[in-house]
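Participant: My questions will all concern the structure given below.
The values are calculated or read from the model by the stated rules, or taken from the named source; none is laboratory data. Worth saying up front: this structure is predicted, and the values here are computed from it rather than measured. Cβ: placed from backbone, ideal geometry, glycine included. Neighbour counts: every protein chain shown. The area values use the complete protein model at the heavy-atom level, side chains included, leaving out ligands, DNA and RNA. Shrake-Rupley method; radii C 1.70, N 1.55, O 1.52, S 1.80 Å.
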Amino acid sequence: MLRESYLACERGILGALAMAVFLVAWEGLARGWWADLLQPALGTAANVLRIRPIFLASPSAIAEMAFQMYFVTGEIWPHLGLSAFEFVVGFLIAASIGIPLGLVAGRYRLLSYAVEPLLAALNATPQVALLPLVVLWMGTGLPARIFIIVLLMIVPILINSHAAVRTIDPKWLRLARSFSASEWRLFRTIVLPAAVPFLLAGVRLAIGRGMIGIVVGEIYGSAVGVGVMINQAGSTFQTTRVFVGILTIVVAGLVLSEVVRRIERRVEVWRPSTSADS
Amino acid sequence: MTIKLEAHRIGLEYGDPESDGRLVALNDVSLSIHENEFVSIVGPSGCGKTTFLSIVDGLIRATAGQILLGGTPVSEPGPDRAVVFQDSSLLPWRTVLGNVVFGLECIGVRPSEARERAAHYIEMVGLRGFENRYSYQLSGGMQQRVNLARALVMDPQILLMDEPFAALDAQTRELMQEELLNIWQASGKTVLFITHQIDEAIFLSDRVIVFSARPGRVKESVDIELDRPRSLKLKRDPRFHAYEDRIWSLIQEEEKPRAKAAG
């Protein structure tokens, strides 16, 4: 009975357990629990396990600070709002350029040959390193920050859209030709549905990169934003606030990934593996 | 009887990157199929029978000769021909209904009319009630029924079937053969059927055309004079076995020199 109910949520239990162990270990480091515990055995050497709050905030302190910033002073909301705005606009631009461009480049063989080296180069470029150039071209205002996010997000979206079309089973293209489908119909009924899983996988990768874009873009002279907040808190040794900022981004990333996963399950009812995947 | 399909001295050659020469896939293939006739092509593997079907469909252009359908030359795919493809050619992101209306959508039939026509053929192939299933929810036999309905709904002048039962297990295959005959009789279509199974060809056809090994040519055309309607019992009839022996030895004549060359 007990064993059965354990097995039913084994995945959740083990995941939560590992997380709890991690948090307790962390809390212990920040509060000196482990140092006190091992003092009799190790002597003063145990003090390396006691980390001062300026270097490491404890999870409980972070939680308390997060509560303060979100619900008491509410000071994080303007930061969060602006960062979210940058992210959404950046994503919309990256998707509306990257998806059509990738699909079209994948569809036409000659265009694909032309674009492939550029894609490979773009993929190998650390986009963050382009930041000084972006500042040079566009300054440090909102457009520049959005541009850096677009630059980061567009890469996996482009590459995946391109690959999606290149890997379509030729038998479906033959089928469409046999039924005299027009190019537009072929695109809509074969290419697009076959590409959707790739597109969503690309979006999922892009989300993580977009988060990097937020932080990196805001380091250069913005006044508001989660990235700014982290940066400012860091340079004034407010470690707890740094962690609250990081936590905010982590949670946002998780939530967005989950949203994409739900969309995947929605649109891929025809795919046996994902509908069975819990 | 009027001639529905005529292939006149069809040839297909293409450059062979391996030998740096020309590869002749089909050579001087001439055959004709009458209205309402069921004709199968069998032949050793690699003899170009599927390629020939693609030429009739218009997916591949012959380098010599001409295909005439109802007297008009064929150069590209059109709604006057419909193919039942080999296994699992259903669009997995479409339901049964969505797959069956696919061809109608392509030629611009209104959705409501397309659905109506599809419903008729879905019923004909015995899949009523499965309209909203996806292909992964169907057995192999059911998938090929959808495949058949998708071609029939186009109401083509000729139905081109490319080894449609090759991937099915033996029992399902036999049942599908019997059912195909029933559907064929009800629809009165002209059928060109490609298979590598001799018994399947004899059981279904009015005429079995044996292709030679590459380059594919018409080696012989065998009229199957067995009464219709046919049932699976026919496969145990001595006359059936006589046809099997005859066609088998025709194919063996083609396979033997190759086996020697390979051995």
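Participant: Quick one: B:SER45 ticks every box in (1) closer than 16 Å to B:LEU192 by Cα; (2) not in a strand (DSSP E or B) bar one, so which box is it?
Facilitator: (1)
Participant: Take the conditions under 17 Å from A:PHE179 (Cβ atoms) and either crowded, with 21+ Cβ neighbours inside 10 Å or more than 14 Å from chain A (Cβ to nearest Cβ) (or both) and apply them to B:VAL125. Does it pass?
Facilitator: When the stated conditions are applied, B:VAL125 does not pass them.
Participant: Just to be sure I understand, how many residues within the range B:4-63 are closer than 30 Å to B:ILE183 by Cβ and charged (D, E, K, R)?
Facilitator: 6
Participant: Kindly state which helices (runs of 4 or more DSSP H) lie completely within the range A:205-278 and contain at least 3 residues that are closer than 26 Å to A:GLU64 by Cα and in contact with a helix residue (DSSP H, G or I) (Cβ under 8 Å, 6 or more places away or on another chain).
Facilitator: Passing ranges, in order: A:226-235, A:239-267.
Participant: Something else about it: Kindly establish whether B:PHE203 is closer than 22 Å to B:LYS4 by Cβ and among the aromatic types (Phe, Trp, Tyr). Step through it out loud before you land on a result.
Facilitator: Numbers: closer than 22 Å to B:LYS4 by Cβ: yes; among the aromatic types (Phe, Trp, Tyr): yes.
Yes, satisfied.
Participant: Got at least one residue in the range A:27-34 being loosely packed, with under 14 Cβ neighbours inside 10 Å and free of Cβ contacts under 8 Å to residues at least 40 places away in the same chain?
Facilitator: Checked against the condition, which is being loosely packed, with under 14 Cβ neighbours inside 10 Å and free of Cβ contacts under 8 Å to residues at least 40 places away in the same chain, the range A:27-34 yields no hits at all.
Participant: So B:GLN177 clears everything in (1) open to solvent by less than 20 Å² (accessible area, probe 1.4 Å); (2) assigned to a loop (DSSP other than H, G, I, E, B); (3) in contact (Cβ under 8 Å) with a residue 40 or more places away in the chain except one condition, right? Which one?
Facilitator: (2)
Participant: If you take the residues in the range B:69-95 that are assigned to a strand (DSSP E or B) and touching a Ser or Thr at 6+ places or on another chain (Cβ under 9 Å), which one is surrounded by the most Cβ atoms within 10 Å (Cβ to Cβ)?
Facilitator: Here the answer is B:VAL83.
Participant: Out of A:ILE190, A:ILE168, I need the residue that is within 23 Å of B:PRO156 (Cβ to Cβ), within 13 Å of chain B (Cβ to nearest Cβ) and within 30 Å of the chain's Cα centre (by Cα). Which one?
Facilitator: A:ILE190
Participant: Moving on to the next point. With the requirement that a residue be surrounded by fewer than 21 Cβ atoms within 10 Å (Cβ to Cβ), part of a loop (DSSP other than H, G, I, E, B) and more than 8 Å from chain A (Cβ to nearest Cβ), what does the range B:96-111 give you?
Facilitator: B:GLY108, B:VAL109, B:ARG110 - these are the residues of the range B:96-111 that are surrounded by fewer than 21 Cβ atoms within 10 Å (Cβ to Cβ), part of a loop (DSSP other than H, G, I, E, B) and more than 8 Å from chain A (Cβ to nearest Cβ).
Participant: While we're on this one: Filter the range A:113-143 for residues that are surrounded by 11 or more Cβ atoms within 10 Å (Cβ to Cβ), modelled with pLDDT of 90 or more and among the small types (Gly, Ala, Ser) and give the result.
Facilitator: A:ALA114, A:ALA120
Participant: So, one more: Can you tell me which residues in the range A:11-24 are within 23 Å of A:ASN47 (Cβ to Cβ) and either in contact (Cβ under 8 Å) with a residue 12 or more places away in the chain or surrounded by 12 or more Cβ atoms within 10 Å (Cβ to Cβ) (or both)?
Facilitator: A:LEU23, A:VAL24
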